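Novice: One structure follows; several queries about it will come next.
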Amino acid sequence: MSDNYMRIIDLRGKSLTRAELLAAMPRADMGTSEASDLVRPILEDVKERGAAALRDFEEKFDHVRPEHLRVPAEAMTAALETLDPEVRAAIEESVRRARAVAANQVPKDFHTDLAPGARVAERWIPIQRVGLYVPGGKAVYPSSVIMNAVPAQAAGVESLAIATPPARDGSGLPNRTILATCAILGVTEVYAVGGAQAIAMFAYGAKGSEPQDGDVLCDPVDKITGPGNIFVATAKSLVSGFVGIDAVAGPTEIGIIADRTANPSLVAADLIGQAEHDELAGSVLFTDSPEFADAVQENLKLRVPRTEHAERVATSLSGKQSAIVLTDDLGHSIDAANAYAAEHLEIQTADADAVVPRIKNAGAIFRGPYSPVPLGDYMSGSNHVLPTGGTARFAAGLGVHTFMKPVEVIEYDEEGLKALAARINAFAVSEDLPAHGECVLSRFVKDPYDKATLREQEKEAGLK
C-alpha cells in the first residue's frame with residue numbers, strides 16, 4: 001500500500017466528455033441536506049424568540065451565555081488599544097490595499113440614447129443594510145472582517161452589521177483581534193453570535209430579551225455575506241428566498257497547475273497551506289509530469305509531519321476531495337483545471353502569462369511562484385471570499401458589486417414614446433395582452449378600445 005499522502009487521478013490517454021471530466025474532479029461532500037433538519041428549528045426559534053433564543057443557542061453551541069449580544073463600544077476600543085503593534089500594522093496595511101482595489105471596483109452609472117427623447121440609463125444603488133458573517137471555529141479570521149467590510153463600505157452601504165462567535169475565553173465577547181479590526185474599519189454594530197443562529201438574526205431581525213438588548217436587538221438585513229461552516233452554509237441556503245446571500249460556501253480548496261519547471265517544494269508547501277484550514281479542504285495538483293508529481297509527494301512526506309496541524313493536514317490531503325491529477329500535456333492540465341473551477345488557482349509553469357488567458361473558471365488566479373494563496377488571504381488587495389465547489393464556473397468572488405444592484409431608469413418623453421406606440425401595440429396584441437397596447441395608445445388616441453376605428457385613430461394621431 002502506498003504511503004503517499006495524495007491519491008492519483010490519471011487522465012492520461014483518456015478522451016472524456018465534458019460531463020465525464022466534471023465527474024472526474026475530486027470534490028468534498030457539501031452535506032447541506034443532512035444539516036437542514038438541524039438548522040430549520042434554529043431559524044424558527046430565533047425568528048420567534050429573538051435574543052432569548054440567541055442566548056440559548058450560544059450557551060448550547062459555543063458554551064457561553066453572552067451578557068451583551070451586541071458588543072459594547074468600549075470593548076472594541078479596549079481591544080484596539082491592547083492590540084499587538086505588529087499585528088495592527090499588518091491589519092492596517094491589509095485594509096489600505098483592499099480599499100485601493102475596492103475603490104477601482106465601483107461600477108459607473110451610464111445611459112444610452114436610442115433616439116430623440118428615448119434614453120435608458122443604469123444606476124448602481126448600494127444595498128441598504130448588510131449582515132457580514134465572520135467565522136470562528138478552528139481559527140480566528142480578522143481577515144474575513146476586512147474582506148467583507150471593505151467592499152461594502154466602498155459600495156456605499158448605509159448600515160453594516162457583523163456577527164461572529166464568542167471567543168473561547170469565557171468573556172462572552174468575540175476574539176479581541178476581530179474586535180480591534182472592526183474598530184480599525186469603523187464598524188460599530190458587532191454581535192457575539194455565531195452559527196446558524198447568527199444567520200437567522202440577520203434574516204429576520206431579533207427582539208430584545210434583556211434590558212441591555214433594548215426592544216430591538218438587531219434589525220433585519222437585506223443581504224448576508226461571508227463564509228462559514230456547514231451549518232452557516234445551510235442556514236444561508238434556507239433563508240435565501242427571504243434575504244439575499246452571496247453564496248453557499250463549501251470547504252475551501254486550491255488547484256495548482258504546475259509543469260516540470262516548477263519547484264516541488266513550494267508546490268507541496270502551498271498544498272499543505274490550504275489543507276491546514278479544514279479536514280474537508282481540497283488540495284488538487286494538475287501536472288503533465290509524473291516525475292514532478294513524485295517529487296511533490298516526497299516533499300509532502302518531509303513537510304507534513306513538521307507543520308503544527310499535521311493531523312488535520314494529513315486528513316485533508318488524503319481525503320476524496322484532494323488528488324494529483326496526471327494529464328497528457330499543459331493544455332490538458334488547463335482543461336482539467338477549468339473543469340475543477342478552483343476557489344484558488346495557482347499557476348506555476350514555465351510561461352504563466354500564456355496560461356492565464358486560457359483560464360475560464362477560477363475564483364481567483366495566482367500567477368507565478370511568488371503569488372501564493374496566503375498572499376490573497378491577507379494582503380494582496382484582492383478578496384478572499386471566493387466561490388467553492390466548482391461554482392466558479394458561473395459565480396464570482398466577493399467584491400464591491402456584491403453590495404450594489406444595477407437599476408435601469410427609463411426616460412422617454414412624448415416624442416420618444418409616440419415613435420414606438422403603434423409597434424408596442426402590435427407586439428402586445430401578438431402576445432394576447434391588448435391592455436398593454438391600450439395603455440400606451442391612451443396617451444395618443446381618443447378611444448384605444450374601439451378596435452373598428454383604431455387604425456384611423458392611429459393615423460390621425462400621427463402614429464407610425
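Novice: When you go through VAL157, VAL193 one by one, which is the residue that is in contact with a helix residue (DSSP H, G or I) (Cβ under 9 Å, 6 or more places away or on another chain), of a type in the set (A, V, I, L, M) and open to solvent by 10 Å² or more (accessible area, probe 1.4 Å)?
Specialist: On inspection, the qualifying residue turns out to be VAL157.
Novice: Looking at region 220-271, which of its residues are open to solvent by 10 Å² or more (accessible area, probe 1.4 Å), touching a residue at least 60 places away in the same chain (Cβ under 8 Å), among the polar types (S, T, N, Q) and assigned to a helix (DSSP H, G or I)?
Specialist: SER237 - this is the single residue of region 220-271 that is open to solvent by 10 Å² or more (accessible area, probe 1.4 Å), touching a residue at least 60 places away in the same chain (Cβ under 8 Å), among the polar types (S, T, N, Q) and assigned to a helix (DSSP H, G or I).
Novice: Give region 1-24 a look and list any residue that's over 22 Å from PHE292 (Cβ atoms), open to solvent by 100 Å² or more (accessible area, probe 1.4 Å) and more than 29 Å from the chain's Cα centre (by Cα), or say none.
Specialist: Residues satisfying the conditions are MET1, SER15.
Novice: Assess whether ASP56 counts as being on the phi < 0 side of the Ramachandran plot, acidic (Asp, Glu), at pLDDT below 95 and open to solvent by 30 Å² or more (accessible area, probe 1.4 Å).
Specialist: It is false that ASP56 is on the phi < 0 side of the Ramachandran plot, acidic (Asp, Glu), at pLDDT below 95 and open to solvent by 30 Å² or more (accessible area, probe 1.4 Å).
Novice: Do you know which residues across region 272-319 are buried (at least 17 other Cβ atoms within 10 Å of the Cβ), of a type in the set (D, E, K, R) and farther than 23 Å from THR261 by Cα?
Specialist: Listed by number, the residues that qualify are GLU276, ASP278, GLU279, ARG312.
Novice: Here is a follow-up. What number of residues within region 62-112 satisfy the criterion of being closer than 20 Å to TYR141 by Cβ, hydroxyl-bearing (Ser, Thr, Tyr) and surrounded by 13 or more Cβ atoms within 10 Å (Cβ to Cβ)?
Specialist: Residues in region 62-112 being closer than 20 Å to TYR141 by Cβ, hydroxyl-bearing (Ser, Thr, Tyr) and surrounded by 13 or more Cβ atoms within 10 Å (Cβ to Cβ): 1 in total.
Novice: For region 264-307, name all the residues that are among the hydrophobic types (A, V, I, L, M, F, W, C) and over 20 Å from LYS320 (Cα atoms).
Specialist: Within region 264-307, LEU266, PHE292, ALA295, LEU302 meet the criteria.
Novice: Taking the options GLU279, GLU253, GLU298, name whichever one is modelled with pLDDT under 95 and in contact with a helix residue (DSSP H, G or I) (Cβ under 9 Å, 6 or more places away or on another chain).
Specialist: When all the criteria are applied, what remains is GLU279.
Novice: Select from region 199-219 the residues that are in contact (Cβ under 8 Å) with a residue 40 or more places away in the chain and assigned to a helix (DSSP H, G or I) and write down the one among them that is most open to solvent (accessible area, probe 1.4 Å).
Specialist: GLN212
Novice: If we scan region 102-110, do we find a residue that is aromatic (Phe, Trp, Tyr), out of contact with any helix residue (DSSP H, G or I) (no Cβ under 6 Å at 6 or more places or on another chain) and more than 24 Å from ILE162 (Cα to Cα)?
Specialist: yes
The values are calculated or read from the model by the stated rules, or taken from the named source; none is laboratory data. No experiment lies behind these values; they were computed from the predicted model shown. FYI the Cβ positions are ideal-geometry reconstructions off the backbone, even for glycines, and counts take in every protein chain you see. Protein only, heavy atoms only, side chains kept; ligands, DNA and RNA dropped before computing areas. Shrake-Rupley method; radii C 1.70, N 1.55, O 1.52, S 1.80 Å.
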